[in-house]
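Below is one structure, written out as structure tokens; comments come after it.
The values are calculated or read from the model by the stated rules, or taken from the named source; none is laboratory data. The shown structure was predicted, so the numbers you read here are calculated from the model rather than taken from an experiment. When we count neighbours, we look across all protein chains shown, and the Cβ atoms used for this are built from the backbone with ideal geometry, even at glycine.
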Amino acid sequence: MPAEETTHESWLTRLKEHLLDERYCSKVTSKSLATAQRFLSYLQENKLRIEAARPVDVQAFLTQQLDRHQERHGHPPKDSRAWCRPHSAAVHILLRLGQVPWPPHEQGDATATFRQRLCDEYTEWLSTCQALAPSTIDLRSACARDLLRWLDERCAEDRLANLTTADIDGYIKSRAPRLRRTTCASLATRLRSFLRFLHDHKWIGTDLARAVFGPPRYMFEDIPSLIRPEDVSAVLKAARKDQTPVGLRDYAILMLLSAYGLRAGEVTGLRLEDVDWRHDRLRIRHSKTGGEVVLPLLVPVGEAVLSFIQKARPASKAREIFIRMHAPYRAMRRGGSLYNLINRRMQRAGVKPAGKHGPHIFRHAFAVSLLRAGVSVKSIGDLLGHRSADSTTVYLKLATEDLRAVGLNLPGEVNR
């Protein structure tokens, strides 16, 4: 047997073992192996070793496969991106087995190497010196990477000191047309943070952060989105009827959101050891402040979570309670993983709240329900994990029915 074929068989065996370990279904495993075999043949035709493959080679392979699909069927796939997705996934899994890391750092590109080092240093600075929450660090680091990519060669190590306000203005102008006003304001905040880092660490001589201005934002200018109590009940009722594994997971998540007003990241961050079944207690790690609070485990919530764990949660090494329901069985990525889930459940229940449709509307509804029950703003803030009372008073605007009961005593001499 030729050496190339032996090598191919070795890689395919490793890929098959990996897919079986991750418990991919037989159909996905079979298709992934077939795609991987074609990719290895493509590398062989182009005299490339798997260790030397680059993202451009993957893209060229996918283009070749699309061309062959059109030749075979006489037309391209109805959705080329959807068609490429499983093929691309199989190739990337194979390459992650052959290269660490994947995608590889471009060793020959000094600018790319410097850019990566700068981003790593900035992320470390945000964590150790600024003590920001992980979610905030992720957003600011992503903004820094995007800016450096946009600058391209202008962010080379020997040229970064020449950065000007015109460069920053150009970047903001390239982003602003696609962003809402509040998002533009957030972008300006993140840019100022990164520019202060560059100035403090002597990468640039001028503090360009002072030249970055975003659109004004006013305290309490927006009314937060709200879902009515009857709509919350409708969503929960519809989700409870779904006894599939995904339905059991979604219902448990919805119960946590509605009963405790948790942030999405606090739900996805819940671990198996956070539930004290013996004493009916639930430990919550506040994703923004980093603090912890222990809450009583409400019976309906505990039953929903336990039902998911016992009946539907796939076996996994992950300690997080909520994990993906398809291989690879890993923890759900941050709180953003819940947005599509919540939207899907509200649509199925026929609920269409005004404004945003994400998991945060359950948090707002929870706060309003406490306000209407006479709970103090301080106590609500403690439950929600707010550092400041100002963060909690935002929810006062949502209790419109309660505010209508508040009247002003006007002086008798005031004319109508």
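Quick notes on this one:
- For the stretch 140-193, taking the residues that are outside any loop (DSSP other than H, G, I, E, B) and of a type in the set (V, I, T), the one that is surrounded by the most Cβ atoms within 10 Å (Cβ to Cβ) is identified as I168.
- Filter result for R319 (basic (K, R) and closer than 17 Å to F362 by Cα): no
- Here L43, L48 are screened, and the one residue that is assigned to a loop (DSSP other than H, G, I, E, B) and under 21 Å from P101 (Cβ atoms) is L48.
- Subset of the stretch 162-190 [farther than 15 Å from P216 by Cα and modelled with pLDDT under 85]: R178
- Residue among A156, A176 that is more than 30 Å from G291 (Cβ to Cβ) and touching a Cys at 6+ places or on another chain (Cβ under 6 Å): A176
- Complete set of residues in the stretch 49-80 that are under 25 Å from H18 (Cβ atoms) and either in contact with a helix residue (DSSP H, G or I) (Cβ under 6 Å, 6 or more places away or on another chain) or surrounded by 14 or more Cβ atoms within 10 Å (Cβ to Cβ) (or both): I50, E51, A53, R54, D57, V58, F61, L62, Q64, Q65
- Hits in the stretch 284-302 (condition: in contact with a strand residue (DSSP E or B) (Cβ under 7 Å, 6 or more places away or on another chain) and over 22 Å from T136 (Cβ atoms)): V294, L295, P296, L297
- For V351: the one exception among (1) modelled with pLDDT under 85; (2) part of a loop (DSSP other than H, G, I, E, B): (1)
- One residue from T123, T111 being modelled with pLDDT under 90 and part of a helix (DSSP H, G or I): T111
- Unique residue being hydrophobic (A, V, I, L, M, F, W, C), surrounded by 16 or more Cβ atoms within 10 Å (Cβ to Cβ), within 30 Å of I323 (Cβ to Cβ) and touching a helix residue (DSSP H, G or I) at 6+ places or on another chain (Cβ under 8 Å) when the list is L43, L33, L20: L33
- Residue within the stretch 230-252 that is aliphatic (A, V, I, L, M), in contact with a helix residue (DSSP H, G or I) (Cβ under 8 Å, 6 or more places away or on another chain) and under 20 Å from R145 (Cα atoms) present: no
- Test for W83: is it at pLDDT below 90, surrounded by 14 or more Cβ atoms within 10 Å (Cβ to Cβ), over 21 Å from A209 (Cβ atoms) and among the hydrophobic types (A, V, I, L, M, F, W, C): no
- Of the residues R149, R154, R96, R145, the single one that is without any contact (Cβ under 8 Å) to a residue 12 or more places away in the chain and either within 30 Å of D57 (Cβ to Cβ) or in contact with a strand residue (DSSP E or B) (Cβ under 9 Å, 6 or more places away or on another chain) (or both) is R96.
For (1) in contact with a Phe, Trp or Tyr (Cβ under 9 Å, 6 or more places away or on another chain); (2) of a type in the set (A, V, I, L, M, F, W, C); (3) touching a residue at least 60 places away in the same chain (Cβ under 8 Å); (4) over 29 Å from P328 (Cα atoms), each residue gets a yes or a no:
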| residue | (1), (2), (3), (4) |
| --- | --- |
| E71 | no, no, no, yes |
| R85 | no, no, no, no |
| T111 | no, no, no, yes |
| S127 | no, no, no, yes |
| I137 | no, yes, no, no |
| S141 | yes, no, no, no |
| N162 | no, no, no, yes |
| G170 | yes, no, no, yes |
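- Residue within the stretch 63-76 that is within 30 Å of the chain's Cα centre (by Cα), outside the structural domain of K317 (by TED's automatic domain parsing) and either at negative phi or modelled with pLDDT under 90 (or both) present: yes
- Residue check for A304: under 19 Å from D382 (Cβ atoms), in a helix (DSSP H, G or I), of a type in the set (A, V, I, L, M) and more than 22 Å from the chain's Cα centre (by Cα): no
- Scanning the stretch 244-253 turns up no residue that is polar (S, T, N, Q), surrounded by fewer than 14 Cβ atoms within 10 Å (Cβ to Cβ), in the same structural domain as P296 (by TED's automatic domain parsing) and under 29 Å from D382 (Cβ atoms).
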